[in-house]
Amino acid sequence: MKAVPFAELVSLARAMVARAGGHGSPVQGESGETAATVAALLTAEPRNEAQVLTIVTVIVRDALADPLRETFANRWRPLLPRWIQPQLIGATVNRLRAAGLLVTTGRYVRSTDSAGRNGGKLQPVYAFDAAALREYGKTQSAAS
C-alpha cells in the first residue's frame with residue numbers, strides 16, 4: 001500500500017470536514033435532529049477545528065491503510081492524542097456518517113474501550129466512501 005503524504009492527508013481531512021459540515025440528514029438510529037444538530041455544532045465550532053481535523057486524519061489514515069477501506073474505533077482510538085475531547089470523537093464520526101463518507105458495513109466488533117466504559121459493547125465497522133468525497137469536490141468545482 002502506498003503511503004499518503006501528510007500534506008495530502010491534511011487536505012483530504014479539510015475537504016472531509018467541509019463535506020461533513022453540511023446539513024446532512026440525521027444518522028439512522030440516533031435521536032433524530034437533536035443529535036445531528038449537536039454533532040454539527042460541535043464540529044463546526046472554530047475552537048474545535050484542530051481536534052476535528054486530527055480525528056478525521058486518524059480515521060482516514062486507518063481506513064486508507066485497510067485493503068477494503070474499512071475502519072473501526074478499536075484501531076484508531078489509541079492513535080488519538082490525549083488532548084482530544086471525547087465528545088468530539090462521536091460528533092465527528094456522526095457528521096462523517098451523515099455526509100456519507102463513513103458507511104456502516106453491517107458488521108460489528110467488540111469494543112476494547114475500558115476507559116470509556118464501553119468495553120465489550122458492539123461497535124460498528126465502517127467503510128470509507130471516497131466516491132462521496134469526489135462527488136463533493138465536483139459540486140464545489142461546478143459552484144465556483
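The values are calculated or read from the model by the stated rules, or taken from the named source; none is laboratory data. From a predicted model like this one, the values you see are computed outputs, not experimental measurements. Neighbour counts run over all protein chains shown; Cβ positions are idealised from the backbone, glycine included.
For the subset of segment 56-103 comprising residues that are crowded, with 23+ Cβ neighbours inside 10 Å and among the hydroxyl-bearing types (S, T, Y), which member is nearest to the chain's Cα centre (by Cα)?
Taking the candidates together, the pick is T92.
From the residues in segment 108-141 that are modelled with pLDDT under 90, of a type in the set (A, V, I, L, M, F, W, C) and not in a loop (DSSP other than H, G, I, E, B), which one is farthest from G90 (Cα to Cα)? Walk me through how you get there before you give the answer.
Here is the first cut: in segment 108-141, the ones modelled with pLDDT under 90 are 113-120, 129-141.
When the remaining residues are screened for being of a type in the set (A, V, I, L, M, F, W, C), the result is 115, 130-133.
Imposing the further condition that a residue be not in a loop (DSSP other than H, G, I, E, B) reduces the set to 130-133.
Working: A130: 20, A131: 23, A132: 20, L133: 20 Å.
That would be A131.
Consider L102 carefully, then state whether it is within 23 Å of R117 (Cβ to Cβ) and either of a type in the set (D, E) or modelled with pLDDT of 90 or more (or both).
On the way: within 23 Å of R117 (Cβ to Cβ): no; either of a type in the set (D, E) or modelled with pLDDT of 90 or more (or both): yes.
Here the answer is no, as L102 does not meet what is asked.
It is to be established whether one or more residues within segment 66-83 are assigned to a helix (DSSP H, G or I) and out of contact with any Asp or Glu (no Cβ under 9 Å at 6 or more places or on another chain). Show your work before the answer.
Here is the first cut: in segment 66-83, the ones assigned to a helix (DSSP H, G or I) are 73-79.
Going one step further and asking which of them are out of contact with any Asp or Glu (no Cβ under 9 Å at 6 or more places or on another chain), we end up with 78.
Yes, the conditions are met somewhere in segment 66-83.
For segment 104-129, how many residues meet the condition of being surrounded by fewer than 15 Cβ atoms within 10 Å (Cβ to Cβ) and under 16 Å from I59 (Cα atoms)? Reasoning before the result, please.
Applying the first criterion (surrounded by fewer than 15 Cβ atoms within 10 Å (Cβ to Cβ)) to segment 104-129 yields 104-110, 114-117, 119-122.
Keeping just the survivors that are under 16 Å from I59 (Cα atoms) gives 104-105.
Within segment 104-129, residues that are surrounded by fewer than 15 Cβ atoms within 10 Å (Cβ to Cβ) and under 16 Å from I59 (Cα atoms) number 2.
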